[in-house]
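Q: My questions all concern the structure below.
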Amino acid sequence: MTQTQPQALYGPVAEDLILVEDLLESVKRVDLAPLRLMLDHALAPRGKRLRPALVLLAGTFGDYNLNRLVPLGTAIELLHTASLVHDDVVDGATSRRGRPTANAVFDNALTVLLGDFMFANAAEMVTRTGSLPVTRLFALALMKMTNGELDQDSAAFDVGRDVQHYLWRIGGKTAALFGHSTQGGALLAGCSEGQVEALRSYGYNLGMAFQIVDDILDFTGDEAEMGKPAGGDLLEGTITLPALFYLETAPGENPVRSFLAADGDRAAFLPEALAAVVASDAIGRAQGMAQEFVDRALEGLSTLEATDARRTLEELSSYVLTRRS
């Protein structure tokens, strides 16, 4: 069964996303050949463009001015991509979605500078919106993402963290950027305070569900569809919601604790740890929490006019819950 392509779910803004692609392409037009080569590599995967789509969809509830909305959507996509480039350096990752990472192709120092260049481009683009509040939102998003990533890395293999801490971390690492996408789009469109808050709430809660589903797929996803083997997060010491739920119900010695406590090569312990989580009720509980966040997202939308954009946002929440990659 072929899953619906996310771009087909972007409804009234699908065609306008080509303007985001054009602006992203413009980032590659630099004089320095080595930088151009690295940008080509980093920006080659088109991705789902979910965050720029959220900016444009939120903008439809007010003054739909693409001259302001497109730079914000592009800036947020660049920010997201640059953060992945830096994350891969920190994690020592050699592939992402089946492709070699920038740090695997180039050296770490050059890749860090590549990420810095992309962050700088994103910051310049967001200033094109002419909105100081939206520019401030962009800066806050970067700060929250950095806090979340630092926390994740500092908590590697630490079984002392609980579900509430996990939710705080993904709120900064992932959900904040979703929330800022819809909030920023609404602000640029001159929406009312009530509309801005409804769209911010939708984006944030959708982002929470998105990350939880991402963490579930690390245990249950198909390697061919995901572009990476299962268990990558756990192998790096990132204890996500399914593992946390499993540890709650299996407090004594168990395959996950044995994996996390192992010295040297933990890879040999990974299959048993993954199987234990999948065989438990942890996956179902995590899916239930993702559904709770989607319900909160939809609750925010209920106050908005029933437009094509609102229906598209509702469909996107279903896509987030059922996606396989």
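Q: Per-residue HN-Hα couplings for region 144-158, Karplus 6.51 cos²θ - 1.76 cosθ + 1.60 at θ = phi - 60°, whole Hz, x for Gly and Pro?
A: 5, 4, 5, 4, x, 5, 4, 5, 4, 5, 6, 9, 4, 6, 8
Q: With a 1.4 Å probe and every protein chain left in place, work out the accessible area per residue of region 178-325 in Å², rounded to a whole number.
A: Numbers: 6030 Å² over 148 residues.
Accessible area per residue: 41 Å².
Q: Shifting gears a bit: Can you work out the FRET efficiency for the pair residue 14 and residue 94, with r the C-beta to C-beta distance and R0 = 41 Å, to the nearest 0.05? Don't skip to the end; give the middle numbers.
A: Values: r = 34 Å, r/R0 = 0.83.
In this case the efficiency is close to 0.75.
Q: On a 1.4 Å probe surface of the protein chains, which of 142, 177 comes out largest in accessible area, and what is the full order?
A: Details: 142 60, 177 5 Å².
So, going from the largest accessible area down, we get 142, 177.
Q: Let me ask you something else. What's the local net charge at residue 79, with K and R +1, D and E -1, over the other residues with C-beta under 15 Å away? Don't skip to the answer; put the middle values down first.
A: Numbers: positive: 49, 51, 128, 136, 144, 173; negative: 77, 87, 116, 124, 149.
Net of charged neighbours comes to +1.
Q: Separate question: What's the FRET efficiency of residue 224 with residue 268 using the Cβ-Cβ distance as r and R₀ = 22 Å, to the nearest 0.05? Let's see the in-between values first.
A: Working: r = 24 Å, r/R0 = 1.08.
Efficiency for this residue pair is about 0.40.
Q: Also, quick follow-up: Residue by residue, what Karplus-based ³J(HN,Hα) values in Hz, rounded to whole numbers, does region 181-193 have, using 6.51, -1.76 and 1.60 with θ = phi - 60° and x for Gly and Pro?
A: My calculation for region 181-193 gives 5, 6, 5, x, x, 5, 5, 5, 7, x, 5, 5, 4 Hz in order.
Q: Going from most exposed to least, what order do 201, 95 have by accessible area with a 1.4 Å probe?
A: Numbers: 201 25, 95 60 Å².
Sorted descending by solvent-accessible area, the residues read 95, 201.
Q: Same structure, new question: Would you work out which of 189, 118, 290 lies farthest towards the positive end of the dipole of the chain? Charges go on Cβ: Lys and Arg +1, Asp and Glu -1.
A: Farthest towards the positive end: 189.
Q: Let me ask another. Residues of region 213-233 with backbone nitrogen within less than 12 Å of a virtual label 7 Å along the Cα-to-Cβ line of residue 158, please, listed as ranges.
A: No residue passes the distance filter.
Q: Could you please put 128, 200 in sequence from largest to smallest accessible area, using a 1.4 Å probe?
A: Working: 128 115, 200 75 Å².
Sorted by accessible area, descending: 128, 200.
Q: Mind putting a number on the dipole of region 29-133 about its Cα centre? Charges go on the C-beta only, +1 for Lys and Arg and -1 for Asp and Glu, and I need it in Debye to the nearest 20. The partial results should precede the final answer.
A: Values: 11 positive and 10 negative charges, 91 e Å.
With Lys and Arg at +1 and Asp and Glu at -1, about 440 debye.
Q: Could you check how much of the accessible area of the chain is carbon and sulfur, as a whole percent, using a 1.4 Å probe?
A: On the way: 7690 of 14240 Å².
About 54 percent, which is the carbon plus sulfur part of the accessible surface.
Q: Ok, one more. Order the peptides 70-78, 256-264, 178-186 from the highest to the lowest mean number of other Cβ atoms within 10 Å of their residues.
A: Values: 70-78: 27.8, 256-264: 15.3, 178-186: 29.7.
By packing density, highest mean first, the sequence is 178-186, 70-78, 256-264.
Q: Right, another one. Any chance you could look up the accessible area of residue 318 with a 1.4 Å probe, heavy atoms only, rounded to 10 Å²?
A: 70
Q: For the chain, what relative contact order do you get, as a whole percent, if you take Cα pairs closer than 8 Å and at least 6 residues apart? Don't jump to the answer; show the numbers that get you there.
A: Numbers: 465 pairs, mean separation 64.7, N = 325.
Relative contact order, the chain: 20 percent.
Q: Could you report region 3-137's accessible area per residue, 1.4 Å probe, as an integer in Å²? Present the calculation step by step, with values, prior to reporting the outcome.
A: On the way: 6080 Å² over 135 residues.
Roughly 45 Å² per residue, with all protein chains present.
Q: Also, quick follow-up: Residue 295 to residue 146: extension gain in nm, 0.36 nm per residue of separation minus the Cα-Cα distance? Don't jump to the answer; show the numbers that get you there.
A: Working: separation 149, 0.36 × 149 = 53.64 nm, distance 2.76 nm.
Net length gain for the segment: 50.9 nm.
Q: While we're on this one: In whole angstrom, how far apart do the alpha carbon centroids of region 167-214 and region 284-305 sit?
A: Their Cα centres are 12 Å away from one another.
Q: For the pair residue 37/residue 278, report the inter-label distance in nm, with labels modelled 7 Å from Cα in the Cβ direction.
A: 4.0
Q: Given H placed 1.01 Å from N in the peptide plane, which residues other than close sequence neighbours of residue 95 have an amide H under 5 Å from its amide H?
A: Those lying under 5 Å, H to H, from residue 95 are 101.
Q: Keeping all protein chains in the complex and leaving out DNA, RNA and ligands, what accessible area do you get for residue 10 with a 1.4 Å probe, in Å² to the nearest 10?
A: About 0 Å², rounded to the nearest 10.
Q: If I stretch the segment between residue 139 and residue 30 completely, what's the gain in nm (0.36 nm per residue apart, minus their alpha carbon distance), one decimal?
A: Details: separation 109, 0.36 × 109 = 39.24 nm, distance 2.47 nm.
So the chain would gain 36.8 nm between residue 139 and residue 30.
Q: Considering only the other residues whose Cβ falls under 10 Å of the Cβ of residue 151, what net charge follows from Lys and Arg at +1 and Asp and Glu at -1? Don't skip to the answer; put the middle values down first.
A: Numbers: positive: 161, 169, 173; negative: 149, 153.
Result for the neighbourhood of residue 151: +1.
Q: Mind listing the phi-derived Karplus ³J(HN,Hα) values for region 41-49, rounded to whole Hz, using 6.51, -1.76 and 1.60 with θ = phi - 60°, and x for any glycine or proline?
A: Coupling constants for region 41-49: 5, 5, 9, 5, x, 6, x, 7, 6 Hz.
Q: Counting each DSSP H run of 4 or more residues in the chain as -39500 (n - 2.57), what helix-only mean residue ellipticity at 222 nm follows after dividing by all residues, to the nearest 500 deg cm²/dmol?
A: Values: 17 runs with 223 residues, N = 325.
Helices in the chain give a 222 nm mean residue ellipticity of -22000 deg cm²/dmol.
Q: Taking the Cα-to-Cβ direction at residue 120 and at residue 325 and moving 7 Å from each Cα, how far apart do the two end points lie in nm?
A: 3.4
The values are calculated or read from the model by the stated rules, or taken from the named source; none is laboratory data. If you're wondering where the values come from, they're calculated on a predicted model, not measured in any experiment. For neighbour counting, all protein chains shown are included, and Cβ atoms are generated from backbone atoms with ideal geometry for every residue, glycine included. The protein model used for the area step is the full one, side chains on, heavy atoms only, and it has no ligands, DNA or RNA in it. Shrake-Rupley method; radii C 1.70, N 1.55, O 1.52, S 1.80 Å.
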